[in-house]
Structures are given as structure tokens and as C-alpha cells.
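Derivation of every value follows stated rules applied to the coordinates shown; laboratory data play no part. The model shown is predicted, which means the values in this text are computed figures rather than measured ones. Positions of Cβ are backbone-derived with ideal geometry, glycine not excepted, and every protein chain shown enters the neighbour counts.
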Amino acid sequence: MIFSIITWVALFMFLVIIHELGHFFAAKKSGVKVLEFWVGIPPKICTLWTDKSGTEYTLNAIPLGGFVRLKGEDPTVTEDFHARDSFISANVVRKTIILLGWVTMNLLFAFFIFTLGFRLGVKPLFVVPENTFQSSVNSYLMPTLGFLEQKNFISGDIDKSQAQVFDILPDGLAAKVWLQSGDIITTINAQEVNNFTLGRQLKKLIGEKFLLTYKRWAQVLTATVQCPPDSCLLGVALAQSGSLDILPIKFDFKGAVKASLQEIKAQTILTFESLGSLGKNLLSFDGEKTKGALSKLSGPIGAIKVGDMVLNQYGRLEFFLFWGLISMALCLFNILPIPALDWGRLLGVYIQTLFRLKKEKYFIIENYINMVFFLVLMALWIYIMLKDLVVARWVQIPFMS
């Protein structure tokens, strides 16, 4: 367990350092001085070294992040703030390059990992039910059986008989109505389903209540299930039977590059769809919708749980592909125009330039805004971590259930 925690912390730090290196190299190339490159979060342990340009590379105590401190980000230090090589003195183009430098690094890492995986041959990380996604996107790492069949990555016949429950997610709809491993789902609203059509039928019932009929040994049981307003997923893994075998997804180099670009596109669309639906429900002022949206949030602990499952079920290559997805998620999350995040800071740069605001006053105001949003994000982060711990332990807490 200790080895697993150390491995996850090291991988997370690696992704954060990649993210910050984007800012670092962009600032260096743009002529803005980098005062300090943090590894970890303060308190400071020591300065590892100082390069010829005066940049300090420091090691901090909490191994959960990193930061690039640029010259001229503190208006109280007048000399640095107005210097030619300060961030605030840089023009809009250079500021844009610096703040978006991380995009290149995160995307390059994901692209490299995806291309390597598709060249060597990997199994999909998750096979999802038909019509799970709102958009008709095709993901190689999160495909449907129909997509795999279309691309000839299936050997044997797709079992279209019974929908037998293999495993249950602790926070899903199935867990709430006490479905168990081995149960066979037979009908939804009196309409017969199998493991191929189950997802298709559920998608028609988003936001609605339906009657689920299932067999448990010789018993025929029923349960009333209420779908949330933005989705209708039972949260179960279905057992596969018969001669079905999913083949490794493998291409030549050119095909691997093409598949990698398609995967980046698919993950971008799916991420923004999820974020849009999540934001809409969080800001709906509807208690049930907000509670449902909060229940779907997951953080590092949830990622560790899924990653360990991928590692145990498949292997190291698929595990690193999962980290490619995490890198994509970090990149896309920072694109959100929220103060304290990189895109939010870039939006502030454009507002300052467009309205010709005094940089000293605006920078002070922006720091206060960023601080408020940073505290909000940290509170949300703590909530997500607690919720993930609750789910992992199967503990019920009223405001996190």
C-alpha cells in the first residue's frame, strides 16, 4: 500500500511538473525572468540549485503540486513590477504564450503516451454501453462494443443474451436499489433487455423513474429506479459470456498517430460535455440536481482507485495510458475561464488590455479575486477527497450520500 501511494504521488508530481515546465519554457523564450521553480507546495525545504539566469529551483515539503514564480507578479516590489523582463510588462502575445505554455506540454505528453500505446497494442480501458455518450464520438480507450465490432477489434460473437451483473459501483443507481453480483436484469418498464441493449434503453429514461425487473436465483424481483436529470447509468459491469474476445488495439505508426489524435479529440468533447452538464446542475439552484452533480465529482482518491483497477486488470502500458487521460483532464480543467486557473488569468490579461486598466490597481484586484476562487476550489477539492473516501469505504454520510 505504501509503495502504491508513493508511486501515485510520484506520477502526479510528474504531471504537475510537466504542466509547470510549459509555463517555464514559454517564459524563458518570451524574455520574462523566472524567479523560482517550485517542486511541491511550501513550506520550503531547500534550494536545489540556482541557474545562470538567477532562477532558483526549490524543493518544498508537500508533494502535491508545483509552481513557476515569474518576475513582476508582486506590485509591492516596484522595481521588479516595472522591469522590462517582468511578466506584467510583457505584451499580450507574450503573456498568452506564457499562460498557455502548459497546453502544449500536457497535450504532447498525452499524444506521446496514446501513440505509443496504439503502436504497441493495448486493450480498451473501459468498454461502455451503447449510447452512453450524448455525442456520437468514437473513443478507442472508452469504446462501445459496436465501435469495436465496426473496427474489427472483436473476435467471436457479441453475446446479446442476458444482462448479468458482474460488479457494482458503490455510488451508482444499482447500489441504491441493492442489486447484487450475479443478478440478471430482464426488463425495464416491462420491455426485455440484454447486455447489448441495456444502455440504449436507459438513455431514453434520463431524468425519469422506471421499473427494473431482475432475477436472483429462482426469484423474480423488481425495483423502482429514479434517474438523475442529466444521465441514466446503473453503475454496473456486466458479465461477458460465450466466445467474445476483445483484441488489442494496434496500428502501424501512421495509424497510431491518427488514432491518438482521434482519442484526444474524443476525450476533449466528452470532458466538456460532462463539465457543461455538471456546471448546469451545480448552478441550477435545484437541491436534487446540485446534490446529484456533487455526487459525480471525483478526485485523486477516485483516480487512484480506477488506476489500480486498470493496472490489476490489464498491465503497465494500459496504466500509463490512463495517466495520459489524467494529463488530458488537467489540461482541459485549466482551460476553464475560472479565476485562479490559467485560462482565468489569461481572461484577466485580455480584460486589462481591452479596457486599458492601470496595471498596478488591476493586478491587486486580480490577486484578491484569484485568492477567493482559490479558496473555493480548495474547499471543493477537500469535499471531493472526503466523498471519495466515503465511497471507497462504503460509508453513508447524509450530505455525501
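Structure notes:
- Reach of Lys44 by Cα under 25 Å, taken over lysines that are not fewer than 8 positions away in the same chain: Lys28, Lys33, Lys52, Lys71
- Pairwise Cα separations in region 169-256 fall into 5 Å bins from 0 onward with the following percentages, short to long: 3, 12, 21, 23, 14, 8, 7, 5, 4, 2, 0.
- Ranked Asp183, Asp245, Asp74, criterion: other C-beta atoms within 10 Å, fewest first: Asp245, Asp74, Asp183
- Distance violations [Cα-Cα > 20 Å] among Lys151/Lys250; Lys123/Lys258; Lys203/Lys258; Lys95/Lys361: Lys203/Lys258
- D_trans [Stokes-Einstein, Kirkwood Rh over alpha-carbon pairs] for region 1-127, 10 °C, 1.306 mPa s, µm² s⁻¹: 97 µm²/s
- Taking each residue as 0.36 nm, the span from Ile382 to Val92 lengthens on full extension beyond its C-alpha to C-alpha distance by 100.9 nm.
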